[in-house]
Structures are given as C-alpha cells and as structure tokens.
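Trainee: After the structure tokens below, expect a handful of questions from me.
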Amino acid sequence: MANFFFRQPVYCLKDPRKAWATRQAMQAYRRTHPICEFDGKSTKVHVHHIEPIQFAPERAADPTNYVSLSPKAHLIVGHAGNFKQYVRSVRALCAMCEVVKVGPVNTP
C-alpha cells in the first residue's frame with residue numbers, strides 16, 4: 001500500500017497546487033517571467049502548467065512545466081476555451097507568436 005502512495009503522490013496531498021514547493025516554484029517563475037509569453041501583456045500574469053498536475057503530479061513544482069500567460073491567453077491558448085481541457089503544445093504556440101516590445105517614443 002505504501003508503494004502505491006510513493007508512485008502516486010497526488011493521492012497523498014489533498015491539493016498539490018497548494019503544496020509549499022509548488023507555490024514557491026510558481027512565485028519564482030512569475031517573478032522571472034512577468035510578461036505573458038503569448039501576447040506580451042504584463043498585468044495579472046497566470047502561471048500555467050503545461051502538463052496538468054492531475055496527470056503529472058511529480059512535475060507540479062518543475063519550472064520547465066510552466067509558461068506565463070495573461071488571463072485571456074490562459075483560457076484560450078492554455079485550455080482551448082474550456083478549463084476542463086488542456087493544450088499540449090502551449091510552448092510551441094507561444095514561440096510562434098513573436099511579441100514585439102515597444103519602448104517609449106522620443107519626440108523632439
């Protein structure tokens with residue numbers, strides 16, 4: 001029985017998203033990636049798990065499993081318009097969208 005819980009850690013925690021290591025890793029990722037990787041917005045950026053916690057609980061705190069998205073992009077790009085689904089190629093979609101950063105305009 002104990003072997004089952006070591007292989008399936010999601011059953012040991014009620015909510016792995018609230019695990020301390022996961023929260024800390026997500027906050028660190030949000031600090032280092034404060035801009036949406038899809039559309040370039042910087043307000044209220046969500047940290048999206050590429051591979052959902054329910055399918056890969058061992059990758060819940062893995063920064064290579066994260067992508068930062070704006071709330072609208074999180075729903076549309078990360079979950080295909082329905083939070084019960086997920087998109088496996090989120091990182092590829094973000095790489096295809098080139099975000100152009102515009103600096104302040106210097107007027108004489």
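Trainee: Quick one: which residues, 5+ away or cross-chain, put their amide H under 5 Å from the amide H of Y66? H built at 1.01 Å from N.
Mentor: Amide H neighbours of Y66, under 5 Å, 5+ apart: I50.
Trainee: Return the sequence-ordered ³J(HN,Hα) values of the stretch 46-58 in whole Hz as given by the Karplus equation 6.51 cos²θ - 1.76 cosθ + 1.60 applied to θ = phi - 60°, using x for Gly and Pro.
Mentor: Going residue by residue, I get 9, 9, 9, 7, 5, 9, x, 4, 5, 9, 9, x, 6 Hz, with x marking Gly and Pro.
No lab work stands behind these numbers, since they all come straight from the coordinates. Since we're looking at a predicted model, the values are computed, not measured.
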